[in-house]
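The values are calculated or read from the model by the stated rules, or taken from the named source; none is laboratory data. Nothing here was measured: the structure is a model prediction, and the numbers come from that model. Using ideal geometry, Cβ is built from the backbone for each residue, glycine included, and neighbour counts are taken over all protein chains shown. When the accessible area is computed, the model is the full protein with side chains, heavy atoms only, and any ligands, DNA or RNA have been set aside. Shrake-Rupley method; radii C 1.70, N 1.55, O 1.52, S 1.80 Å.
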Amino acid sequence: MKPILLQGHERSITQIKYNREGDLLFSVAKDTVANVWYSVNGERLGTYNGHTGAVWCVDCDWDTKNVLTGSADNSCRLWDCETGKQLALLNTNSAVRTCGFDFSGNIIMFSTDKQMGYQCFLNFFDLRDPQQMEDNNPYLSVPCSECKITSAVWGPLGEFVIAGHENGEINQFSAKSGEILKKAKEHTRQINDIQTSVDLTMVITASKDNTSKLFDSNSLDHIKTFRTDRPVNSAAISPIMDHVVMGGGQEAMDVTTTSTRIGKFEARFFHAAYEEEFGRVKGHFGPINCVAFHPDGKSYSSGGEDGYVRIHYFDPQYFDFELEA
């Protein structure tokens, strides 16, 4: 399993995302640049230039036409995927932490941080109405006064957004009314990442409380728990196998106090049904900040605190692997 190493960022990677077909991989980092790569060979296709602060999140719509990025420069930007041209600039009062297109690609949501006296908001824009974008006037803005949103994804059919909060709560926010439809509190500490399964029926969370959990998207019923011995920064569900991959590591502050030999920076593979760890992949020189499965399930990528993105293609024996129960 020889990885493809993508070197296009000078600072740590904050998020990576495949498009629906999986031929492109988007990466954003704390160095203001959003990159897009060919996932098959790791060649860089281009960059989306314009942000002036760390870019926290990226998403791509269903037909890979538009790209959305959110940044600490208090803006969310919409780009033409092919040309790299900036189509829209939405200014906010605080850093944009999460962003996403719904399944139709017509509605975008993004959440802003609670900082500098400003509250955390979850904003919804309809791209079919250019006036909303020009006036920077969302059709729905939901204040989250209690606890800021740290990660969010669209639920099935674009009816609601599933958001993870700083205190470990998960909420479903209706995209029509903004009300909270369902709540779940299974984690004890901040949720770092939420990702959906390929059919959007399940979500997986990654939390600072050293666990990753699988939930039903609609009911928010807690299905499985995957336990590790350090904070989990990101987790992803395989589209073809009953596997999940998790990336994590110590807090960035503690990294310098441990030797690299101890590592702890592997990507860990768990069996989704048995909750058993069955494999690890080394590689990064720092905590893994984000992981993502290719939509065909034959490879996965990870982005680290070291500024590298690594694409790993699975060996043939991985697909024949059966966990002895």
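General remarks:
- Amide H contacts of Phe285: Asp306, each under 5 Å away and 5 or more positions distant or on a separate chain (H built 1.01 Å from N in the peptide plane; Pro and chain starts excluded).
- Per residue accessible area of the chain, 1.4 Å probe, in Å²: 43 Å²
- Each residue of segment 15-26 is assigned a 3J(HN,Hα), and the resulting list reads 7, 10, 8, 8, 7, 5, 6, x, 7, 10, 10, 9 Hz, derived from the Karplus form 6.51 cos²θ - 1.76 cosθ + 1.60 (θ = phi - 60°), x at Gly and Pro.
- Debye, to nearest 20: dipole size of segment 35-129, +1 on Lys, Arg Cβ, -1 on Asp, Glu Cβ: 240 debye
- For segment 52-200, the Kirkwood radius over C-alpha pairs fed into Stokes-Einstein at 10 °C and 1.306 mPa s yields D = 104 µm² per second.
- Distance violations [Cα-Cα > 24 Å] among Lys2/Lys85; Lys30/Lys183; Lys2/Lys208; Lys114/Lys183; Lys17/Lys183: Lys2/Lys85; Lys30/Lys183; Lys2/Lys208; Lys17/Lys183
- Neighbours of Asp113, meaning other residues whose beta-carbon lies under 9 angstrom from its beta-carbon, give a summed charge of +3 when Lys and Arg score +1 and Asp and Glu score -1.
- Measuring between their Cα centroids, segment 224-241 and segment 29-100 lie 25 Å from each other.
- Mean projection area, nm², convex hull over Cα of segment 49-135: 5.3 nm²
- Cβ charges +1 (Lys, Arg) and -1 (Asp, Glu), total dipole of the chain, debye: 700 debye
- Segment 274-287 - phi-based ³J(HN,Hα) in whole Hz, Karplus 6.51/-1.76/1.60, Gly and Pro as x: 8, 6, 9, 7, 10, x, 9, 10, 7, x, 7, 9, x, x
- Hydrodynamic analysis of the chain uses the Kirkwood radius over alpha carbon pairs. Inserted into Stokes-Einstein at 20 °C and 1.002 mPa s, it gives a translational diffusion coefficient of 110 µm²/s.
- Across Asp221, Asp80, Asp61, the residue with the most accessible area heads the list, and the full order at a 1.4 Å probe is Asp221, Asp80, Asp61.
- In Hz, Karplus ³J(HN,Hα) per residue of segment 71-88 (6.51, -1.76, 1.60; θ = phi - 60°; x = Gly, Pro): 9, 6, 7, 6, 8, 10, 10, 10, 10, 7, 4, 6, 9, x, 6, 7, 8, 8
- Residue-count net charge about His222 - beta-carbon cut-off 11 Å; Lys, Arg +1, Asp, Glu -1: 0
- Solvent-accessible area of Trp62 with every protein chain in place, 1.4 Å probe, in Å² to the nearest 10: 110 Å²
- Taking each DSSP H run with n ≥ 4 as -39500 (n - 2.57) and averaging over every residue of the chain yields -500 deg cm²/dmol at 222 nm.
- Column: log10 I(q)/I(0), Debye, Cα scatterers of segment 112-267, q = 0.15 Å⁻¹: -0.84
- Surface composition of the chain: carbon and sulfur make up 47 percent of the accessible area, probe 1.4 Å.
- Using a Förster distance of 35 Å, the FRET efficiency for Leu157-Leu323 (Cβ separation, nearest 0.05): 0.60
- Over all other residues within a Cβ to Cβ distance under 13 Å of His9, the charged ones net out to 0, with Lys and Arg as +1 and Asp and Glu as -1.
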